[in-house]
């Protein structure tokens, strides 16, 4: 099971021919700046860094609401590749409202359904990079919540 919002994005990509898939990925990439933090937003965790597998700095911001639902924002440096930008926008939208545990439990198989097998083969590090960063921040959040409960 995928979160409902993510499943609707997967369903969209499942039916697209390759040319339209790539055009849609570019459209998502163009919308990535809309996922940046807004003024006065507060976050439970912020993870801003440049990793070896990415061309520039990526910031992942996690806010968990009173109901335990996760909400993400991302910042992407100017050198971040189009596919990484697209995945950032897709995952911010698709994972919005899922719990951190649901995100951690999410299998990676859906990425190929969105990006397409050819791009996954060519850009495997890029396609999974944003998902791994989102999962990592969810894990830190959950670990801190568990530590608070024990203390």
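The values are calculated or read from the model by the stated rules, or taken from the named source; none is laboratory data. Owing to the predicted nature of the structure, the values given are computational and were not obtained by experimental measurement. Note: ideal-geometry Cβ built from the backbone for every residue, glycine included; neighbour counts use all protein chains shown.
General remarks:
- Checked against (1) closer than 15 Å to residue 135 by Cβ; (2) under 12 Å from the mean Cα position of the chain (by Cα), residue 75 passes all but condition (1).
- Subset of the stretch 28-50 [within 25 Å of residue 107 (Cα to Cα), out of contact with any helix residue (DSSP H, G or I) (no Cβ under 8 Å at 6 or more places or on another chain) and surrounded by 11 or more Cβ atoms within 10 Å (Cβ to Cβ)]: 46, 48, 50
- Exactly one residue out of 144, 85, 133 is assigned to a helix (DSSP H, G or I) and under 19 Å from residue 21 (Cα atoms): that is 85.
- Considering (1) in contact with a helix residue (DSSP H, G or I) (Cβ under 8 Å, 6 or more places away or on another chain); (2) within 23 Å of residue 114 (Cα to Cα); (3) assigned to a loop (DSSP other than H, G, I, E, B), the lone condition that residue 79 does not fulfil carries the number (1).
- Test: residue in the stretch 2-22 that is within 23 Å of residue 145 (Cβ to Cβ), surrounded by 12 or more Cβ atoms within 10 Å (Cβ to Cβ) and in contact with a strand residue (DSSP E or B) (Cβ under 6 Å, 6 or more places away or on another chain): no
- Test: residue in the stretch 105-123 that is surrounded by 17 or more Cβ atoms within 10 Å (Cβ to Cβ), modelled with pLDDT of 95 or more and not in a loop (DSSP other than H, G, I, E, B): no
- Test for residue 60: is it over 19 Å from residue 128 (Cβ atoms) and outside any loop (DSSP other than H, G, I, E, B): no
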